[in-house]
1. For Kirkwood radius over Cα pairs in Å, pick the label among (i) 19.2; (ii) 20.9; (iii) 24.5 that corresponds to the value derived from the coordinates.
2. How much FRET efficiency would the formula 1/(1 + (r/R0)^6) give for Thr149 and Asp234, where r is the Cβ-Cβ distance and R0 is 25 Å, rounded to 0.05?
3. Using the Cα centre of the chain as origin and beta-carbon charges of +1 (Lys, Arg) and -1 (Asp, Glu), tell me which of Ser272, Leu235, Ile25 is placed farthest towards the positive end of the dipole.
4. Of the DSSP beta bridges with both residues in the chain, give the percent that are antiparallel, rounding to the nearest 5.
5. Please arrange Ser261, Ser266 by how many other C-beta atoms lie within 10 Å of their C-beta, fewest to most.
6. Given charges of +1 on the Cβ of Lys and Arg and -1 on the Cβ of Asp and Glu, with all other atoms neutral, how large is the dipole of segment 66-188 about its Cα centre, in debye to the nearest 20?
7. Let me have the 222 nm mean residue ellipticity of the chain computed from DSSP H runs of 4+ only, each contributing -39500 (n - 2.57), with the sum over all residues rounded to the nearest 500.
8. Using 1/(1 + (r/R0)^6) with R0 = 25 angstrom and r between the beta carbons of Ser261 and Leu111, what's the FRET efficiency to the nearest 0.05?
Amino acid sequence: MGQSVEFGKFLKAMRSRLSPEQAGINTTSGARRVPGLRREEIAGLADVSTDYYTRLEQGRNIHPSRAVLDSVARALRLSPGEYTHMIDLLENCEESLPLPVQGVRPALLQLLDAVGNVPALVLGRRTDVLAGNPLAFLLLADFPAMPETERNLTRWLILDPSARELFRDWKAVASEAVGTLRSDVGRHPNDPRANQLVGELAVRSEHFRQWWAGHRVAKGSAGVVRLHHPIVGDLELNFEDLARLDDPDQVLRVFSAKPGSPSADSLTLLGSFGAEAPVPKSAPVETDASPSQG
């Protein structure tokens, strides 16, 4: 399936979620046969013909200008992340060489070691867990002990019952991870491991099927998670994602608690359980000869 088809599906999903009231369109009384806006309504808002917009949604092999894409994005009320995903779906449609095995950048690994006594993970393509410190694995799951093909944050969140027990807002956290995976697939549409992961999750999880069909796009950067940990009980942690602009395929995710809070005390207690443990590595370290986005 070509990315032009995925581009069309994305536009349709974004149109379906937008109500006439949100778009400032006056509607007459009576039921509407389709959810969201009609094609002609989006076309009018974007100042393009209905026929042209219809061809966009049908995934025809056409090449809209950036001005047209900007108009469509404004009409659909796309967020910055959704706009980037829309562009990715068009620009990354050509067949590409197989992606090399991803290694952790040495500088990022040094940063992981330097963050101190807080949980931290390195996430790669497909939300693979490339590396982490002992406290992160105590907080979430022992990813290094898993088979290599299963060391993936989204897969764990969706399929592992312990993740549902850990996250008090599991649906919000899991759907956000699915949105991040959707964004990654837009950048790397020909990644066989990503396509295999999506297929497995679609077969095994109704929640995943619904979230994936909604074409939600997420770019995690910061937020709050509420946990119920089997060892230390309830925690409320902030998280921050750190990534280079020229390499969005590797992210350092750091969790922290408000100083002096019960959650901070709980993190300290949890850390005491793994104080003597070595730092596990889940992926090879990238050498100087490796590409920065390999």
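Coordinate-derived values only; no laboratory data. Nothing here was measured: the structure is a model prediction, and the numbers come from that model. Please note: Cβ atoms are built from the backbone with ideal geometry, for glycine as well, and neighbour counts cover all protein chains shown.
1. (ii)
2. 0.15
3. Of Ser272, Leu235, Ile25, it is Ile25.
4. 95
5. Ser261, Ser266
6. Rounded to the nearest 20 debye, it is 300 debye.
7. So the calculated ellipticity at 222 nm is -13500 deg cm²/dmol.
8. Efficiency, from the Cβ-Cβ distance: 0.55.
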